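Asker: Before anything else, here's the structure in question.
The values are calculated or read from the model by the stated rules, or taken from the named source; none is laboratory data. The shown structure was predicted, so the numbers you read here are calculated from the model rather than taken from an experiment. Because the Cβ atoms are built from the backbone with ideal geometry, glycine has one as well, and the counts that use them run over all protein chains shown.
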Amino acid sequence: MKMLNPTRSYTQCRGCGKRIPLSNFKYCPDCAKLEIRLQYELYSPEARKYFWAYLRKYGRRCYLSGMALVIDDYTSPWFLVFSHLNPGDKSRILPASALFNGMKSFLLKKEFRYFVLALDDHRRKHLKVKKIPLVDWHGLNLSKDSRVCDGCRQAAALKGRKFCPRCARLTHRIKRARFPREAINAIWDYVRKYGFICYYTGMPLDLDDLQSPWYLVFDHWNPRDPRKIVITSAVINIMKSDLTEEEFWYFIRQLANYYRKGSVVRKRKLAFWSRQYR
Ligand SMILES: [Zn+2]
Ligand SMILES: [Zn+2]
């Protein structure tokens with residue numbers, strides 16, 4: 001049997017860079033915990049690279065205080081959290097303690113540093129704390145983590161995600177339907193402008209109850225043509241069937257007149273009708 005070359009049976013942890021036995025694991029046990037959290041919190045490869053570069057240079061230390069951080073006890077104020085170097089910017093993250101990251105919150109690092117020093121001077125030397133303009137202060141109603149949903153642009157996005165719960169479910173359905181990109185963009189433009197309102201009737205749509213006649217469905221504006229998709233209710237979608245919008249309204253009018261006045265429903269040639277009944 002051939003012996004493994006001992007110099008080749010070690011490799012470097014992809015996180016901290018320390019020597020680890022060669023195996024399927026690319027990270028040392030400590031860095032593996034961090035990498036799992038980074039992925040779970042949906043940080044981009046770019047952000048992760050930035051984080052690991054810092055860690056390799058300075059160790060698991062808080063970039064706001066230089067303190068050594070803990071990674072196992074999430075109840076500790078010194079628990080390592082991923083701090084956004086610039087508030088709201090997820091592409092540059094650094095390790096910070098839960099406590100100081102919370103204190104920094106929406107401040108830039110230099111703003112935080114300014115206040116720490118100004119407060120200390122105030123406490124010790126009774127100096128007045130001078131106000132400075134804050135780059136990322138947006139008022140108290142939008143906390144550092146709450147961002148607006150990328151879909152409806154109205155509700156708050158789920159923590160660490162792009163969408164609010166309703167839009168998250170909707171994007172999942174849109175993805176599954178495999179609509180072309182322009183059609184998807186048009187759906188979102190519509191939702192942002194009008195909300196979850198039926199394109200044909202203006203009725204509010206139900207996004208939760210699959211059994212509801214008003215459940216939101218995607219309707220091909222022209223039958224089977226995926227280039228323009230509108231949202232409507234299940235019941236209207238069935239009624240519209242293989243009609244174009246214009247044909248649909250034509251027949252609605254014809255039927256309404258028939259019910260109201262007993263007038264004859266006039267036939268017309270349908271642009272997309274292709275069903276064959278035997
Ligand atoms: Zn490591
Ligand atoms: Zn939304």
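Asker: Please indicate, with yes or no, whether at least one residue in the stretch 70-85 is acidic (Asp, Glu), surrounded by 15 or more Cβ atoms within 10 Å (Cβ to Cβ) and within 16 Å of ligand 1 (Cβ to nearest atom). Step through it out loud before you land on a result.
Answerer: In the first step, residues of the stretch 70-85 are kept if they are acidic (Asp, Glu); the result is 72-73.
Keeping just the survivors that are surrounded by 15 or more Cβ atoms within 10 Å (Cβ to Cβ) gives none.
Within the stretch 70-85 (the criterion being acidic (Asp, Glu), surrounded by 15 or more Cβ atoms within 10 Å (Cβ to Cβ) and within 16 Å of ligand 1 (Cβ to nearest atom)), the answer is no, since none of the residues qualifies.
Asker: For Asp120, which of the numbered conditions (1) away from ligand 2 (no atom under 16 Å from the Cβ); (2) surrounded by 13 or more Cβ atoms within 10 Å (Cβ to Cβ); (3) at pLDDT 85 or above fails to hold?
Answerer: (2)
Asker: Is there a residue being farther than 19 Å from Cys31 by Cβ and in contact (Cβ under 8 Å) with a residue 60 or more places away in the chain anywhere in the stretch 72-90?
Answerer: yes
Asker: Tell me whether the stretch 265-275 contains one or more residues that are of a type in the set (A, V, I, L, M), in contact (Cβ under 8 Å) with a residue 24 or more places away in the chain, on the phi < 0 side of the Ramachandran plot and surrounded by 12 or more Cβ atoms within 10 Å (Cβ to Cβ).
Answerer: Yes, the conditions are met somewhere in the stretch 265-275.
Asker: Related question: Keeping to the stretch 175-197, report how many residues are among the aliphatic types (A, V, I, L, M) and within 15 Å of ligand 2 (Cβ to nearest atom).
Answerer: Filtering the stretch 175-197 for residues among the aliphatic types (A, V, I, L, M) gives 177, 183-184, 186-187, 191, 197.
Among the residues that remain, those that are also within 15 Å of ligand 2 (Cβ to nearest atom) are: 184, 187, 191, 197.
Going through the stretch 175-197 one residue at a time, the tally reaches 4.
Asker: Any idea which of (1) more than 20 Å from Tyr58 (Cα to Cα); (2) under 26 Å from the mean Cα position of the chain (by Cα) is the one Asn101 doesn't satisfy?
Answerer: (1)
Asker: Right, something else. Looking at the stretch 179-223, which of the residues that are surrounded by fewer than 16 Cβ atoms within 10 Å (Cβ to Cβ) and in contact with a Pro (Cβ under 8 Å, 6 or more places away or on another chain) is farthest from Ile252 (Cα to Cα)?
Answerer: Selected residue: Pro180.
Asker: Answer with yes or no whether Lys110 is assigned to a helix (DSSP H, G or I), surrounded by fewer than 17 Cβ atoms within 10 Å (Cβ to Cβ) and within 16 Å of ligand 2 (Cβ to nearest atom).
Answerer: Values: assigned to a helix (DSSP H, G or I): yes; surrounded by fewer than 17 Cβ atoms within 10 Å (Cβ to Cβ): yes; within 16 Å of ligand 2 (Cβ to nearest atom): no.
Taking the combined requirement at face value, the residue does not satisfy it.
Asker: I'd like the full set of residues that are surrounded by 12 or more Cβ atoms within 10 Å (Cβ to Cβ), within 15 Å of ligand 1 (Cβ to nearest atom) and closer than 23 Å to Leu85 by Cβ, limited to the stretch 28-48.
Answerer: Asp30, Cys31, Lys33, Leu34, Glu35, Arg37, Leu38, Arg48
Asker: Specify the residue that is farthest from Leu134 (Cα to Cα); the eligible residues are those in the stretch 59-71 that are in contact (Cβ under 8 Å) with a residue 24 or more places away in the chain and among the small types (Gly, Ala, Ser).
Answerer: Residues of the stretch 59-71 in contact (Cβ under 8 Å) with a residue 24 or more places away in the chain: 59-65, 67, 69, 71.
Those left that are additionally among the small types (Gly, Ala, Ser): 59, 65.
Numbers: Gly59: 30, Ser65: 21 Å.
Residue satisfying both the conditions and the ranking: Gly59.
Asker: Let me ask another. If you take the residues of the stretch 4-27 that are surrounded by 13 or more Cβ atoms within 10 Å (Cβ to Cβ) and small (Gly, Ala, Ser), which of them is farthest from ligand 2 (Cβ to nearest atom)?
Answerer: Out of the qualifying residues, it is Gly17.
Asker: Shifting gears a bit: Being surrounded by 13 or more Cβ atoms within 10 Å (Cβ to Cβ), in contact with a helix residue (DSSP H, G or I) (Cβ under 8 Å, 6 or more places away or on another chain) and among the aliphatic types (A, V, I, L, M) is the requirement here; does Ile132 meet it?
Answerer: For Ile132, the condition - surrounded by 13 or more Cβ atoms within 10 Å (Cβ to Cβ), in contact with a helix residue (DSSP H, G or I) (Cβ under 8 Å, 6 or more places away or on another chain) and among the aliphatic types (A, V, I, L, M) - is not met.
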